[in-house]
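The values are calculated or read from the model by the stated rules, or taken from the named source; none is laboratory data. Note that the structure is predicted; figures quoted are calculated from it, not measured. Note that we place each Cβ from the backbone using ideal geometry, even for glycine, and neighbour counts take in every protein chain shown. Ligands, DNA and RNA are stripped out before the accessible areas are found, and what is left, the full protein with its side chains, is counted by its heavy atoms. Shrake-Rupley method; radii C 1.70, N 1.55, O 1.52, S 1.80 Å.
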Amino acid sequence: MKSVLLHIHDDRGADSRLQAACDIARACNAHVQCVQVTPMPDLIAPDIYAGSGFAPTIAAELHAIDEAFRARVESRLDREDIAWDWRQVDGDSIGGLLSAARLADLIVATLPEGRRTDSLDPLPIVADLALGGRTPVLAVPQAARGVAIIGRALVAWDGSAESCAALRAAVPLLRLAETVDIVTVEEASKAAFPATGAPEYLARHGIKSQLYSWPRKERPIEIALREAIDSLHADWVVMGAFGHSRWRELIFGGVTRAMLRTARVPLLLAH
């Protein structure tokens, strides 16, 4: 894992994102690509009320704000002793990040705490990034102080295409982990799948792991999974994102949606 895309935005998750990206860069000898997306208001486009006449002034103000934040972040990066570069683009945050991530190995974004109530709350973009591109996303809780990549990793495994994609993407980081625990939550109604497939796959990459079949006890899967995370003292989690459609999860609920809302450790997500 040699190219880490860091979402640059002035919000309450900025420090935790930056620290997580730096932690990974040092652990993997990776390069951090800082991508700052300046959102342009709708009135940039011409309209019949001549609102576009104000567009250059508004754009200049937005760029000045972002430039001030850039200076602060670059000052911090200069002290981190990592390789990095900077890219500034105008437009939609999700589209800009996904476009920049086409040759990235990982996107670092924030898991917000609750709903967004003001401009300093992190943007709720993790789900869109995970679904919209082919680059895995490291979702860092807003209050985190980085990510302990060399600590205890937990793989949430159900044999789905999404969990397989997440496992493959995580291999470079799992190689660095002190321990790797694979957890499959028992589901009587689910079709059988090769539970040993994940540890066998990791073993071929020289990664030792421990497989756990975690009792569901008639609870929602996410409750059992969070219990496993706490009981095994996981520092970060690998999991597939949105095994069901996102709309179905929005209507009926789902594991991904619940974990994005309640996770207290970084999640490496892939779809």
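Considering every residue within segment 179-186, establish whether at least one is open to solvent by 30 Å² or more (accessible area, probe 1.4 Å), farther than 12 Å from Ala153 by Cα and at pLDDT below 90. Within segment 179-186, one or more residues are open to solvent by 30 Å² or more (accessible area, probe 1.4 Å), farther than 12 Å from Ala153 by Cα and at pLDDT below 90. Ala195 passes every criterion in (1) modelled with pLDDT of 90 or more; (2) surrounded by fewer than 20 Cβ atoms within 10 Å (Cβ to Cβ); (3) among the hydrophobic types (A, V, I, L, M, F, W, C); (4) in a loop (DSSP other than H, G, I, E, B) apart from (1).
For segment 84-93, indicate whether the set of residues that are assigned to a helix (DSSP H, G or I), open to solvent by less than 60 Å² (accessible area, probe 1.4 Å) and without any contact (Cβ under 8 Å) to a residue 60 or more places away in the chain is non-empty.
no
Selection within segment 11-54: residues that are open to solvent by 60 Å² or more (accessible area, probe 1.4 Å), under 25 Å from Leu120 (Cα atoms) and in a loop (DSSP other than H, G, I, E, B). The member of this set that is modelled with the lowest pLDDT is Pro39. Taking the criterion of being under 23 Å from Ala258 (Cα atoms) and either open to solvent by 20 Å² or more (accessible area, probe 1.4 Å) or of a type in the set (S, T, N, Q) (or both), the residues of segment 94-119 that qualify are Ile94, Thr110, Pro112, Glu113, Gly114, Arg115, Arg116, Thr117, Asp118.
In segment 121-141, the residue that is most open to solvent (accessible area, probe 1.4 Å) out of those that are closer than 24 Å to Glu162 by Cβ and in a loop (DSSP other than H, G, I, E, B) is Arg134. Against the definition (in a loop (DSSP other than H, G, I, E, B), within 18 Å of Gly254 (Cα to Cα) and charged (D, E, K, R)), how does Asp118 come out, yes or no? For Asp118, the condition - in a loop (DSSP other than H, G, I, E, B), within 18 Å of Gly254 (Cα to Cα) and charged (D, E, K, R) - is not met.
Contact annotation: residue pairs with Cβ atoms under 7 Å, 6 or more positions apart or on different chains, pairing a residue in segment 13-33 that is more than 12 Å from Ile149 (Cα to Cα) with a partner that is of a type in the set (Phe, Trp, Tyr) and surrounded by fewer than 22 Cβ atoms within 10 Å (Cβ to Cβ), are His31/Trp84; Val32/Trp84. Scanning segment 94-115 for residues that are among the hydrophobic types (A, V, I, L, M, F, W, C) and outside any loop (DSSP other than H, G, I, E, B) returns Ile94, Leu97, Leu98, Ala100, Ala101, Leu103, Leu106, Ile107, Val108, Ala109, Leu111.
Here's the yes/no breakdown for (1) under 24 Å from the mean Cα position of the chain (by Cα); (2) closer than 21 Å to Val140 by Cβ; (3) free of Cβ contacts under 8 Å to residues at least 12 places away in the same chain:
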site	(1), (2), (3)
Trp214	no, no, no
Lys217	no, no, yes
Ala234	yes, yes, no
Val238	yes, yes, no
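Of all the criteria given as (1) open to solvent by 50 Å² or more (accessible area, probe 1.4 Å); (2) modelled with pLDDT under 95; (3) within 28 Å of Gly114 (Cα to Cα), the one not satisfied by Thr57 is (3). Starting from segment 166-183, keep only residues that are closer than 19 Å to Ala228 by Cβ, then list their pairs with residues that are aromatic (Phe, Trp, Tyr) whose Cβ atoms are within a distance under 6 Å, requiring at least 6 positions of separation or different chains. Here the result reads Ile182/Trp157; Val183/Tyr212; Val183/Trp214, each pair linking segment 166-183 to a residue that is aromatic (Phe, Trp, Tyr). Do we find a residue being modelled with pLDDT under 95, open to solvent by less than 60 Å² (accessible area, probe 1.4 Å) and not in a strand (DSSP E or B) anywhere in segment 200-214? Scanning segment 200-214 turns up no residue that is modelled with pLDDT under 95, open to solvent by less than 60 Å² (accessible area, probe 1.4 Å) and not in a strand (DSSP E or B).
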